[in-house]
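Peer 1: Let me give you the structure first, and then I'll get to my questions.
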Amino acid sequence: MLSLEIWQIIFIFAPKTKQILSMELNELIKDCSKRQKKGLHFILASIVIWGLILIVHLTGMTIEQKNLFTFCCSAVLFPLAWMFSKWLKIDFEGKGNPLTKAGILFSINQLLYILIVMWVFTAVPEKMVMVYAMVFGAHLMPFSWLYQSKSYLVLSIFIPIFALVIGLMYPPQVLAGLMAIIEVVFAICLFHECKKMQ
């Protein structure tokens, strides 16, 4: 059983300990945001991917073939992001900051939702790009915390709703083209956020 003196010490120092831990977390978030440039390299890679998806859906292939190639386009995300990170001098691995692992978990989380997209691939193939765009947009939300970014927060809400509306009204190539444009705007917003951090 803890003595009265130990309990007094705990109550005196607990708020300070919480404050110290909070300060350390804020420093880790700032470090992650700065070294990773708020994930700008991944957003630039996604511009290319949505451009490729647009090209695929402008071809004369069947919808099933287009959807299959849409998945193939997504496979180049990490190589493209790595190339952009080299060009922008971004610390791709983020070694030394434990929050990098959180970023990896946030990214891998999207893979679980791809199962929904795979179901749509067979059940409602003409709406696969719509669901894919919705999953992509929704997976951005945790990064709004990791990078302390309003752009991530706003677009994580806007993209799924936008993709649903456009996807229900227009063919996949229209949505793919508009997603590429949104990603360009997103990249510009992140670039300005990064400049403010310097």
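The values are calculated or read from the model by the stated rules, or taken from the named source; none is laboratory data. Bear in mind the structure is a predicted one, so any value in this text is a computation, not a measurement. With ideal geometry, Cβ positions are generated from the backbone for all residues, glycine too; neighbour counts draw on all protein chains shown.
Peer 1: Regarding Glu64, is this residue part of a loop (DSSP other than H, G, I, E, B) and either of a type in the set (Asp, Glu) or in contact with a Pro (Cβ under 8 Å, 6 or more places away or on another chain) (or both)? If you could, list the steps in order and put the result at the bottom.
Peer 2: Details: part of a loop (DSSP other than H, G, I, E, B): no; either of a type in the set (Asp, Glu) or in contact with a Pro (Cβ under 8 Å, 6 or more places away or on another chain) (or both): yes.
Taking the combined requirement at face value, the residue does not satisfy it.
Peer 1: Quick test of your reading of the structure: Ser151 fulfils all but one of (1) closer than 21 Å to Lys37 by Cα; (2) out of contact with any Cys (no Cβ under 8 Å at 6 or more places or on another chain). Name the failing condition by number.
Peer 2: Single failed check for Ser151: (2).
Peer 1: So which pairs qualify, if the first residue must be in region 65-79 and farther than 15 Å from Ala45 by Cβ and in contact (Cβ under 8 Å) with a residue 40 or more places away in the chain, the second must be among the hydroxyl-bearing types (Ser, Thr, Tyr) and crowded, with 17+ Cβ neighbours inside 10 Å, the Cβ gap must be under 7 Å, and the two must be at least 6 apart or on different chains?
Peer 2: The qualifying pairs are Thr70/Tyr132.
Peer 1: Let me ask you something else. Look at Tyr170 and say whether it is surrounded by fewer than 20 Cβ atoms within 10 Å (Cβ to Cβ), among the aromatic types (Phe, Trp, Tyr) and modelled with pLDDT of 95 or more. Break it down into steps so the answer makes sense when it comes.
Peer 2: Numbers: surrounded by fewer than 20 Cβ atoms within 10 Å (Cβ to Cβ): yes; among the aromatic types (Phe, Trp, Tyr): yes; modelled with pLDDT of 95 or more: yes.
Spelling it out, Tyr170 is indeed surrounded by fewer than 20 Cβ atoms within 10 Å (Cβ to Cβ), among the aromatic types (Phe, Trp, Tyr) and modelled with pLDDT of 95 or more.
Peer 1: Suppose we filter region 125-151 for residues that are under 30 Å from Lys196 (Cβ atoms) and either under 8 Å from the mean Cα position of the chain (by Cα) or assigned to a helix (DSSP H, G or I) (or both); how many remain?
Peer 2: First, the residues of region 125-151 that are under 30 Å from Lys196 (Cβ atoms): 133-151.
With either under 8 Å from the mean Cα position of the chain (by Cα) or assigned to a helix (DSSP H, G or I) (or both) added as a condition, the list becomes 133-146, 150-151.
Counting residues in region 125-151 that are under 30 Å from Lys196 (Cβ atoms) and either under 8 Å from the mean Cα position of the chain (by Cα) or assigned to a helix (DSSP H, G or I) (or both) gives 16.
Peer 1: Which of the residues spanning region 161-170 are in a helix (DSSP H, G or I) and more than 23 Å from Gly39 (Cα to Cα)?
Peer 2: Residues of region 161-170 in a helix (DSSP H, G or I): 161-169.
Within region 161-170, Leu164, Val165, Ile166, Gly167, Leu168, Met169 qualify.
Peer 1: Out of curiosity, is Pro160 touching a residue at least 24 places away in the same chain (Cβ under 8 Å), closer than 18 Å to Asn26 by Cα and not charged (D, E, K, R)? Spell out how you get there, then give the answer.
Peer 2: Details: touching a residue at least 24 places away in the same chain (Cβ under 8 Å): yes; closer than 18 Å to Asn26 by Cα: no; not charged (D, E, K, R): yes.
Answer is no for this residue.
Peer 1: Being modelled with pLDDT under 95 and assigned to a helix (DSSP H, G or I) is true for just one of Phe84, Phe158, Phe92, Phe186. Which residue is that?
Peer 2: Numbers: Phe158 fails: modelled with pLDDT under 95; Phe92 fails: assigned to a helix (DSSP H, G or I); Phe186 fails: modelled with pLDDT under 95.
Matching residue, one of Phe84, Phe158, Phe92, Phe186: Phe84.
Peer 1: Going by the structure shown, is Phe121 hydrophobic (A, V, I, L, M, F, W, C), touching a helix residue (DSSP H, G or I) at 6+ places or on another chain (Cβ under 8 Å), crowded, with 18+ Cβ neighbours inside 10 Å and closer than 20 Å to Leu44 by Cβ? I'd like the intermediate steps shown before the answer.
Peer 2: Details: hydrophobic (A, V, I, L, M, F, W, C): yes; touching a helix residue (DSSP H, G or I) at 6+ places or on another chain (Cβ under 8 Å): yes; crowded, with 18+ Cβ neighbours inside 10 Å: yes; closer than 20 Å to Leu44 by Cβ: no.
Judged against the criteria, Phe121 is not a match.
Peer 1: Out of (1) modelled with pLDDT under 90; (2) out of contact with any helix residue (DSSP H, G or I) (no Cβ under 9 Å at 6 or more places or on another chain); (3) not polar (S, T, N, Q), the odd one out for Ile29 is which?
Peer 2: (2)
Peer 1: Say whether the condition of being outside any helix (DSSP H, G or I), among the small types (Gly, Ala, Ser) and either in contact (Cβ under 8 Å) with a residue 12 or more places away in the chain or surrounded by fewer than 13 Cβ atoms within 10 Å (Cβ to Cβ) (or both) is met by at least one residue in region 101-118.
Peer 2: Kept after step one, since they are outside any helix (DSSP H, G or I), are these residues of region 101-118: none.
No.
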